[in-house]
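Undergrad: Sharing a structure below in structure tokens format, with a few things to ask.
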Amino acid sequence: RSRLLMGLVPALLILIGSGIWSVSMFYRLGNNIDLILRENYQSILAAERMKEALERIDSGLMFAVGGRDPEARARFEKFEPVFEAQLKLQKGNITVPGEEDLTNDLSIQFDRYKEIINRFFEIDPADRSARSRLYFDEALPTFEKVKEAASSILLLNQNNMEAMDQQARARSAASVRIMILALVGSVGMALLATILLGRSILEPIRG
């Protein structure tokens, strides 16, 4: 009995060790992926909402160019705080290399965009020509820059999510391979121990 136990102990230790390692590996991997994906998703959602608010503000300026000034002001007053709230959220959720620079650029461009809009509304609504020039010469190009910065943040986080997914798949596959090798090794050791111990037990009996 003692010989059988001693022969099976190494295989048992290999199985226990590989099992503990795999459980720990999957646990850490799962927690890290959950955290990273949640952070990336928050930034993606914030970027999407900022882009939507921008579109609403820009369409409002087009209304103003067409002479519908009250509606344009109402849109700006409604969606400018929405953009600011999402920008604040994004500033507090920087997790990917390069994201801070993109966020700072987004903030700078939006401040410039607001300054142009304030000048836009200072122009007499009856002077559609002046408003149209300011819109197409300054407001629209700046709007495109702000939108591009928000899109870059979205794309950066989306790419990071995809990279983490691939990394998780690779680590999972590696863990499965290690478990299979450990299982095969343990079975081999158990068989070898059984054969050797069987001989050592049977030889005295045969003799």
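The values are calculated or read from the model by the stated rules, or taken from the named source; none is laboratory data. This is a predicted model, so every value here is computed, not measured. A quick note on method: Cβ atoms are made from the backbone with ideal geometry, for glycine too, and the neighbour counts reach across all protein chains shown. Surface accessibility is based on the protein's heavy atoms, side chains included, excluding ligands, DNA and RNA. Shrake-Rupley method; radii C 1.70, N 1.55, O 1.52, S 1.80 Å.
Undergrad: Residue by residue through the range 148-162, note down the ones that are within 9 Å of the chain's Cα centre (by Cα), open to solvent by 40 Å² or more (accessible area, probe 1.4 Å) and closer than 19 Å to residue 110 by Cβ.
TA: 156
Undergrad: Condition first: among the acidic types (Asp, Glu), more than 25 Å from residue 139 (Cβ to Cβ) and open to solvent by 80 Å² or more (accessible area, probe 1.4 Å). Now tell me which residues in the range 89-126 satisfy that.
TA: Once the filter is applied, which keeps residues that are among the acidic types (Asp, Glu), more than 25 Å from residue 139 (Cβ to Cβ) and open to solvent by 80 Å² or more (accessible area, probe 1.4 Å), the range 89-126 yields only 100.
Undergrad: Hey, another quick one. Tell me which of these residue 100 doesn't satisfy, since it passes every other one: (1) part of a helix (DSSP H, G or I); (2) over 15 Å from residue 57 (Cα atoms); (3) among the acidic types (Asp, Glu); (4) over 17 Å from the mean Cα position of the chain (by Cα).
TA: Checking residue 100 against (1) part of a helix (DSSP H, G or I); (2) over 15 Å from residue 57 (Cα atoms); (3) among the acidic types (Asp, Glu); (4) over 17 Å from the mean Cα position of the chain (by Cα), the one that fails is (4).
Undergrad: Scan the range 114-128 residue by residue and report those that are assigned to a helix (DSSP H, G or I) and closer than 15 Å to residue 62 by Cβ. If you could, list the steps in order and put the result at the bottom.
TA: Narrowing the range 114-128 to residues assigned to a helix (DSSP H, G or I): 114-122, 128.
Result: 116, 117, 120, 121, 128.
Undergrad: Please determine, by comparing only the residues of the range 52-88 that are among the small types (Gly, Ala, Ser) and loosely packed, with under 15 Cβ neighbours inside 10 Å, which one is nearest to residue 123 (Cα to Cα). Can you show your working first?
TA: Within the range 52-88, the subset among the small types (Gly, Ala, Ser) is 53, 59-60, 64, 66-67, 72, 74, 85.
Those still in the list that are loosely packed, with under 15 Cβ neighbours inside 10 Å too: 59, 66-67, 74, 85.
Values: 59: 18, 66: 13, 67: 12, 74: 17, 85: 28 Å.
Out of the qualifying residues, it is 67.
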